[in-house]
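The values are calculated or read from the model by the stated rules, or taken from the named source; none is laboratory data. Since the model is a prediction, treat every value here as computed from it, not as a measurement. FYI the Cβ positions are ideal-geometry reconstructions off the backbone, even for glycines, and counts take in every protein chain you see. To get the accessible areas, we keep the full protein, side chains included, count just its heavy atoms, and leave off ligands, DNA and RNA. Shrake-Rupley method; radii C 1.70, N 1.55, O 1.52, S 1.80 Å.
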Amino acid sequence: MEAPATLTAASRRAADGALPGGGALVTGASSGIGAAVARRLAAEGGWRLVLNGRDRARLEEVARGTSAVAYPADLCGPGAERRLAEFALDSVGRVDLLVAGAGIGWAGPFCTMPQPAIDEVFDVNVLATLHLIRLLLPHMVGQGTGRVVIIGSLAGTVGVRDEAVYSAAKAALGAFADAVRYELRGTGVGISHVVPGVVDTPFFDRRGVPYRRALPRPVPASRVADAVWEAVSRGRDEVYVPGWTRVPGRVRGAAPALYRRLAARFG
């Protein structure tokens with residue numbers, strides 16, 4: 001029997017290593033980027049959503065608006081990642097997509113940063129994320145399909161003054177995504193790194209220092225959610241938001257001395 005001449009849109013996405021829908025887990029979903037991603041996936045249809053965040057009231061509000069199941073929890077608690085992974089699998093049967101959006105920041109000179117704050121930035125942004133991915137990847141590999149989307153930051157690409165530890169944490173996520181991507185070749189599972197610049201979210205209020213720069217201007221969280229959907233639907237490895245923010249990293253890689261002089265002058 002001859003193969004059909006045309007494929008459905010869902011089949012084309014699957015053939016490209018992208019996902020047509022299924023079970024999805026989004027962390028950091030109580031507000032900001034995570035909440036915007038949950039709304040975007042719900043709008044696309046075909047997704048059974050599990051949402052995680054630390055703010056129970058806000059998370060349940062987002063869940064109601066997206067027909068999702070809410071699992072409020074702090075992922076830094078002992079065994080929290082395993083309980084979340086098990087809950088997600090029990091709730092939706094299989095996890096085809098993990099969007100790791102949980103994260104916190106801290107702003108100020110590194111020499112004044114309290115040690116507990118250093119630990120918390122790495123615990124939330126890096127360790128909790130890696131532990132959760134480690135728990136869900138074997139499930140995705142076993143089913144032969146899946147995608148992990150890690151929400152990074154431009155700070156992890158170029159480093160930002162007075163955000164040394166946050167920059168280091170986000171850089172770690174980018175390097176992790178690159179390394180694991182090589183391991184996943186041929187498994188049917190992909191990993192995407194979405195790299196936003198400045199985003200208009202409660203992130204800056206929670207870190208205790210507002211965003212004061214004139215440029216770059218903050219973009220809405222919905223724009224990052226669009227980038228996540230591009231990564232998922234097209235199987236993209238890396239997406240910058242907005243697109244021009246990939247330029248500083250390229251300049252840094254091609255001409256590091258020039259980049260450092262410009263960064264020292266313009267911040």
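Highlighted here are the strands (runs of 3 or more DSSP E) found entirely within segment 4-108 that include at least 1 residues which are at pLDDT 95 or above and open to solvent by 20 Å² or more (accessible area, probe 1.4 Å): 47-53, 69-72. Where helices (runs of 4 or more DSSP H) sit wholly within segment 212-267, those with at least 1 residues that are hydroxyl-bearing (S, T, Y) occupy 221-234, 256-266.
Quick check on P216: is it of a type outside the set (S, T, N, Q) and either at pLDDT 85 or above or closer than 30 Å to G142 by Cα (or both)? The answer is no for P216. On the given criteria, is A100 under 27 Å from R252 (Cα atoms) and without any contact (Cβ under 8 Å) to a residue 24 or more places away in the chain? The answer is no for A100.
Residues in segment 109-123 that are assigned to a loop (DSSP other than H, G, I, E, B) and aliphatic (A, V, I, L, M): M113 only. Among the residues of segment 144-160, which ones are assigned to a helix (DSSP H, G or I) and touching a strand residue (DSSP E or B) at 6+ places or on another chain (Cβ under 9 Å)? Selection gives G156, T157.
The set of residues in segment 233-267 that are of a type in the set (F, W, Y) and surrounded by fewer than 16 Cβ atoms within 10 Å (Cβ to Cβ) comprises W244, F266. If you check every pair at least six apart or on different chains, which have Cβ atoms under 8 Å apart with a residue in segment 135-147 that is aliphatic (A, V, I, L, M) first and a residue that is open to solvent by 50 Å² or more (accessible area, probe 1.4 Å) second? Going by the 8 Å Cβ cut-off, the qualifying pairs are L135/R82. For segment 161-206, filtering for residues that are at pLDDT below 95, of a type outside the set (A, V, I, L, M, F, W, C) and either in a strand (DSSP E or B) or open to solvent by less than 10 Å² (accessible area, probe 1.4 Å) (or both) leaves 1.
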